[in-house]
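Asks: To start, I am sharing the structure in question, which I have written as structure tokens.
Read-outs throughout are calculated quantities, based only on the coordinates presented, and are distinct from any laboratory measurement. All figures in this text were calculated on a predicted structure; none of them were measured in a lab. Here the Cβ positions follow ideal geometry from the backbone for every residue, glycine too, while neighbour counts run over all protein chains shown.
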Amino acid sequence: MLDIRKEALFKLGQCEVNPSDNSLNFYDTDADNGSCQKVSIQPKFIEVLSYLARQYPKVVTREELIDNIWEGNSYVGSKALTNAIWHLRKQLNQRTDAEQAIETVRKMGYRLLVEPEFNDADLVDEPDLFQQAQLKIKHLTRFNRRLTLAGGLFIGVISVALGYHLYQDSIRYVPTTKQNLTTEAGSELYPAVSPDGRWLVYGSRGSNKYASLYLKDLQNPAETPKRLTSTKTAELRAVWSPDGSALYYGSEHRSEDKCYLTKLNLDSNEALKLGECYTYSSAIDIAPDASRLVYIWDGAEGFGSGLYELSLTIEGEKPKRLSCTENCSYRDRDIAFSPNGSWLAVARRFGNISEDIFIRHTETQEEQRLTFGLEDIRGLSWHQDSERLIFSTENSGVRNGYIVGIDDKQIQPLEVEGMSYPRSIPNSDELVYSNYIRDYHVASFALEQSIPTATFPLLQVEYSYRNPDYSSITQRIVYVSNETGFNEIWSSDTDGSQRRQHTDLKRRVAYPSWSHDGTKVAFLAPDDKNEGNKIHVLDMKTSNISILATPYLDHNRPSWGWNDEMVLASSKDGITEFYLDNRLPKVISPIDMRLGKMIAEDKLVFTLLGKNGLWLLSLASPEQPSELISANHFGEGYNWVATDKGVYFRTSRSGYQLINFWRFNTGLITPILKLPSGSIPRSGAMTYMGSNNSLLMTLSRNYKRDVIKLQHKLLY
């Protein structure tokens, strides 16, 4: 088979193509002197034209041209080939008789339309040995290059895949390990590790029941923790300065009955008062650049408690409120700065039984909502990547830990029961938390017994149940139980038998209250948006549940009117009547009530928010409440019950609790039962069973609370 030399000179009509000097020579046949116009072009252009000429009249694919002219480099060759064809057409079409010298064949390639004329001397039977050697070297070089590239890519892909697989395996098989960092007697809360990872600060209530801050050396765990604060003050929650030289916290001075925001310099042990604070356990955090503190406070402007910012760089700067000031439907309760300083996470309470997490950009102040429908958030902290939040929440009486991404908002459970107030360890994928496991149960206490009597649980069970209310008509007890994994309404006989589940809402229900005729139960449950609560009424005969009409987002504990035609509860406007026939509610007094109970057709006994004492109100003249038990003797909010003879109520003392009885006819107060401190929770409930002359109350049992360090695969 004949072949043509690569360097062969050839003609295309009146154009002579000379590969040796990369020129196109155009001859003018009309001129007498046979003049010639010479055009020099790039070598690659000549190579393309020569290759098309040697393959005439075949269609040559782009891939073949790139392989032979650019040695298979498609990245460079693709654009260069298009450029070469354009320039060749421009030169040939202007100076040849043909309208188009090179044809583009769609989806195939290019074809030369002008027949080339070669010299016979350039036609050979086969390539010479030198060309054969060059051809072999060219093919081998191209093959080796492709093989090397493919091998490199293969090794790279395998290495990346293997590395990713090993990394995922290393995370997948990271064990969940818990290490106790404290073993002292007492309750250790709000742990935080210093920026260098050496020191642990936490709050603890010792044997004297007063809270103090303690410092533990994690490099010498056998050493006794050092108490940092005075026994004359109370402190529980502190944050580290970014350089680890100081602590910031709230300190309650009992002698002054005031709370001060305090800075403690650890080198000198000097405590500086920075301003007033809300309580010694209120949330506080510091910006990563140490420029400001953000904390919970009530600035007495009439807006209530909220977030405030205090500059640490401008001396004398007054705290600035960050929370809303008007028409607020929520309360900010906890905060945490992200490590990069871009975000401030806020735990926000809607009503009494709903709470969620928001993040606020520190520069734009724009907010995003991360969670929907949580119950009770117990601490939040950022992961070190500033892209994830770790938090604890109490669901149906059980505390657990979770992690949520700020981009995808996906919540993953850590499945660490008892996790409270988690705090990331700086520059680490581990965290510390306070272990908190608390069980609730309903207990009875028989009154006026000849033999000293203790409390007896209503049920011998492992799950929690609480907030009882007794109906003398049905002689049954209604209460809240998490037996199904959710807080639902249950009832039983007075001895705990004949238990029945009445709701299946699969969300938090709370504070059931019998109607006087024993046919209905009022209770609170979250609204559809999980941004507040509504008063629900359960018909005990039909099991139907209705929601009472209300314009309010939040309602306090419900109780029944004397004739059972309406439900009484506190709203933001005061004591309010909510009607069963869906009439709009009516505010009967602007008083900020905690819990009220009707003891006669016209008499309401109640406790106040923010003020001690037990109060009596006549519905006929609600503007004139009277003090039934003085504030000096009554400081309870919810753990009390009124009977025909008097009032039973809880009193908290240093190191113990009392159940007292106040008698109507004499006004005398008699202690009837002494219990360990914390036995009756602040949010409990108390009811009287006249059929057997006994009290029912919510009791709780605390396991020891220690600080624990956690390693978990979801933290990596």
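Asks: Using the alpha-carbon centroid of each, what span in Å lies between region 606-620 and region 1-77?
Replies: 106
Asks: Also, I was wondering about something else. So if I take the alpha carbon set of the chain, get Rg, then get Rh from the Kirkwood formula, what is the Rg over Rh ratio? Mind showing how you got there, number by number?
Replies: Values: Rg = 41.8 Å, Rh = 32.2 Å.
Rounded to two decimals, Rg over Rh is 1.30.
Asks: When the convex hull of the C-alpha atoms of region 404-555 is computed, what volume per residue in Å³ does it have? The partial results should precede the final answer.
Replies: Working: hull volume 28.0 nm³, N = 152.
Looking at region 404-555, the number lands at 184 Å³ per residue.
Asks: Give the order of Leu374, Leu699 when sorted by the count of other beta carbons within 10 angstrom, beginning with the fewest. Numbers along the way, then the final one.
Replies: Values: Leu374 23, Leu699 19.
Least to most surrounded, the residues fall as Leu699, Leu374.
Asks: Can you tell me, using C-alpha contacts under 8 Å and at least 6 residues apart, the relative contact order of region 295-433 as a whole percent?
Replies: Relative contact order of region 295-433: 13 percent.
Asks: Something else now. Given H placed on each backbone N at 1.01 Å, which residues far from Leu274 in sequence or on other chains put an amide H within less than 5 Å of it?
Replies: For Leu274, the qualifying residues are Leu261, Thr262, Lys263.
Asks: Over the C-alpha atoms of region 443-484, what are the Rg and the largest Cα-to-Cα span, Dmax, in Å?
Replies: 12.6, 39
Asks: Could you give the length gained on full extension between Glu117 and Ile158, defined as 0.36 nm per residue of separation minus the Cα-Cα distance, in nm?
Replies: Values: separation 41, 0.36 × 41 = 14.76 nm, distance 5.35 nm.
Gain in length upon complete extension: 9.4 nm.
Asks: What do you get for the angle between helix 74-95 and the principal long axis of the chain? Use alpha-carbon atoms, 0 to 90 degrees, nearest ten.
Replies: 40
Asks: Starting from the exponent 0.38 and prefactor 2.2 Å, build the expected Rg for region 3-126 from its residue count and divide its actual Cα Rg by it. Intermediate values should be presented prior to the final figure.
Replies: On the way: Rg = 14.4 Å, N = 124, 2.2 N^0.38 = 13.7 Å.
The reported ratio for this selection is 1.05.
Asks: With only alpha-carbon pairs counted, each pair once and no self-pairs, how large is the Kirkwood hydrodynamic radius of region 623-703 in angstroms?
Replies: One over the average 1/r among Cα pairs gives 13.4 Å for region 623-703.
Asks: At a threshold of 8 angstrom on Cα-Cα distance, excluding pairs fewer than six apart, so keeping six or more, what relative contact order does region 257-350 reach in percent?
Replies: Working: 173 pairs, mean separation 18.8, N = 94.
In percent, rounded to a whole number, it is 20.
Asks: Sticking with this structure for a sec: Using a 10 Å cut-off around each Cβ, can you sort Ile425, Ile672 from fewest to most neighbouring Cβ atoms?
Replies: Numbers: Ile425 22, Ile672 14.
Lowest to highest Cβ neighbour count: Ile672, Ile425.
Asks: On to the next question. How would you rank Trp70, Trp382, going from fewest to most other Cβ atoms within 10 Å of each one's own Cβ? Numbers along the way, then the final one.
Replies: On the way: Trp70 18, Trp382 24.
Fewest-to-most ranking of Trp70, Trp382: Trp70, Trp382.
Asks: Please report the relative contact order for the chain, taking Cα pairs under 8 Å with a sequence separation of at least 6, and give it as a percent rounded to a whole number. Can you show the working numbers first?
Replies: Numbers: 1678 pairs, mean separation 60.0, N = 716.
Contact order relative to length: 8 percent.
Asks: If you take all C-alpha pairs in region 257-389, what percent of them are over 17 Å apart? Before the final figure, lay out each step's value.
Replies: Values: 5362 of 8778 pairs.
Summing the P(r) tail past 17 Å for region 257-389 gives 61 percent.
Asks: Could I ask something else about it? With no solvent and one point on each alpha carbon, what is the Debye value of log10 I(q)/I(0) for region 351-472 at q = 0.16 Å⁻¹?
Replies: Taken in order of the listed q values, log10 I(q)/I(0) reads -0.85.
Asks: Quick one: if the Förster radius is 45 Å, what FRET efficiency do Ser230 and Glu623 give, using the C-beta to C-beta distance and rounding to 0.05? Kindly include the intermediate steps, with their values, before the conclusion.
Replies: Details: r = 46 Å, r/R0 = 1.02.
It comes out at approximately 0.50.
Asks: Still on this structure, please answer the following. When all alpha-carbon pairs of region 215-265 are counted, what percent fall beyond 13 Å?
Replies: Taking all Cα-Cα pairs of region 215-265, the fraction more than 13 Å apart is 63 percent.
Asks: Can you give the FRET efficiency for Glu71 and Glu363, using 1/(1 + (r/R0)^6), R0 = 30 Å, r = Cβ-Cβ distance, to the nearest 0.05?
Replies: 0.05
Asks: Another question, then. Quick one: Karplus J couplings for region 111-121, per residue in order, coefficients 6.51, -1.76, 1.60, θ = phi - 60°, nearest Hz, x for Gly and Pro?
Replies: Per residue, the Karplus-derived 3J(HN,Hα) values read 9, 7, 8, 9, 5, x, 10, 9, 6, 4, 5 Hz.
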